[in-house]
Amino acid sequence: MASVREVQRKNGRAYEVRWEVAGRDRQRTFQARREADRFALKIENELAEGNSTEPLVQRGKTVEQVVEASLLASKPKLKASTHAGYVHLYKMRVLPRFGKQRIAAVTSEQVEAWLGEMVAAGRASSTIHNHFVALNKVFRYALRHRLINHNPCEAVQLPRAGNTADFAPVFLTAQQVEAVAAEVESERPFGTMIRFAAYTGLRSAEIAGLRVRDINLAAGHVEVRQTVRKVAGEWTVGTPKSARSTRNVPLLNRQLISELRLLLLAHPNSGDPDALFWPARTYHGRGLDWERACDVGAIRRHVVTPSVAALGMRPMRFHDLRHTFASLMFAAGFKPYEVSRWMGHASVATTDGIYAHLYPSDYNEQIAKFEAFVAEG
């Protein structure tokens with residue numbers, strides 16, 4: 001027989017289901033009485049049919065144990081950087097809060113309280129969303145493997161986006177791009193890198209991953225075929241973010257083309273098409289290392305940030321040069337589907353969601369068409 005008893009815990013009442021198998025006591029704890037009653041009935045049915053209840057005991061795993069199992073199962077299907085991102089999310093705020101708790105005992109109220117605490121702490125909405133997605137991934141894994149009866153995240157409503165801690169994009173004008181590049185000129189070739197990032201819109205890992213062969217000046221474009229980023233402290237070569245991220249991006253600035261040509265001529269490994277195109281700064285910051293991958297984050301910290309401050313401009317991230325590319329392309333009159341393709345977005349809908357407010361608002365053509373329609377009536 002399975003029995004249910006109410007017990008008092010630090011976080012409120014709980015309900016223990018107890019039963020005996022071959023002289024050994026078994027136990028599962030639930031937050032809701034109805035779940036405990038259902039489980040007790042299931043135990044009695046299994047015992048009556050002579051089945052083992054060990055699979056049901058396994059549902060007592062902790063969140064930390066299920067996180068480890070979920071990460072292990074998903075690792076072969078994920079990019080190394082994506083897997084490392086999930087590991088970081090769990091380590092930062094998921095496991096400290098839920099790690100030692102039995103996964104079957106986590107409630108939607110607890111998840112909502114956790115999200116509320118992150119909002120109160122001023123966490124960016126994107127940060128909150130990413131942690132929630134990571135937690136939900138664990139519960140979905142547990143549900144598929146019958147470690148839990150329901151996913152508590154399904155009943156949770158995420159806080160509204162737009163938290164004040166979110167990074168507001170910085171959109172530079174073409175004149176500001178040139179000013180920053182000029183300020184960085186003494187740190188060659190990183191002034192060229194500033195222009196390159198602003199006039200091609202490549203992501204940081206795509207810039208770091210460019211090889212000599214990818215700078216196709218004869219065709220007038222850059223070929224994005226690989227990425228290079230640090231994963232768990234190690235430089236890792238990977239593929240672009242999505243299928244559409246493997247792309248050719250036109251070079252639309254003649255000064256930039258000239259600078260890239262000069263950089264290729266000065267490149268000590270220009271005869272090797274697989275050599276990385278951009279050099280790294282030496283550790284003491286007084287020279288270039290053409291054999292090591294370029295740490296774009298370090299370029300931002302040690303080169304871009306001081307230059308922006310010296311110009312009295314608003315602080316910016318390196319990724320803001322990608323935002324700048326979008327704003328410059330729309331201001332120049334290029335269509336959203338063109339910009340979307342050059343930026344390597346998964347779809348035009350992604351571009352719309354981020355940059356629709358930048359689209360030019362010239363309704364003269366529509367006004368003329370409507371007036372002609374009214375005149376005909």
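No lab work stands behind these numbers, since they all come straight from the coordinates. Keep in mind that what you see is a predicted model, and the values were worked out from it rather than measured. Methodologically, a virtual Cβ is constructed for each residue, glycine included, from the backbone with ideal geometry; neighbour enumeration extends over all protein chains shown.
Some notes on this structure:
- Of the options (i) 19.6, 58; (ii) 27.9, 93; (iii) 22.7, 81, only one is Rg and Dmax of the Cα atoms in Å as computed from these coordinates, and that is (ii).
- Of the trypsin sites (Lys or Arg not before Pro) in the stretch 207-272, not one is in a loop by DSSP (not H, G, I, E or B) with at most 11 other beta carbons within 10 Å.
- C-alpha center-to-center spacing [the stretch 182-228, the stretch 295-335] in angstrom: 14 Å
- Sparse-neighbour loop sites [trypsin sites (Lys or Arg not before Pro); the stretch 53-102; at most 11 other C-beta within 10 Å; DSSP]: K100
- Ascending count of other beta-carbon atoms within 10 Å, so fewest first, for C153, C294: C153, C294
- Partner lysines whose Cα lies under 24 Å from the Cα of K241, excluding those fewer than 8 positions away in the same chain, are identified as K75, K77, K79, K91, K137, K230, K335.
- Relative contact order, percent, the chain [alpha-carbon distance under 8 Å, six or more residues apart]: 12 percent
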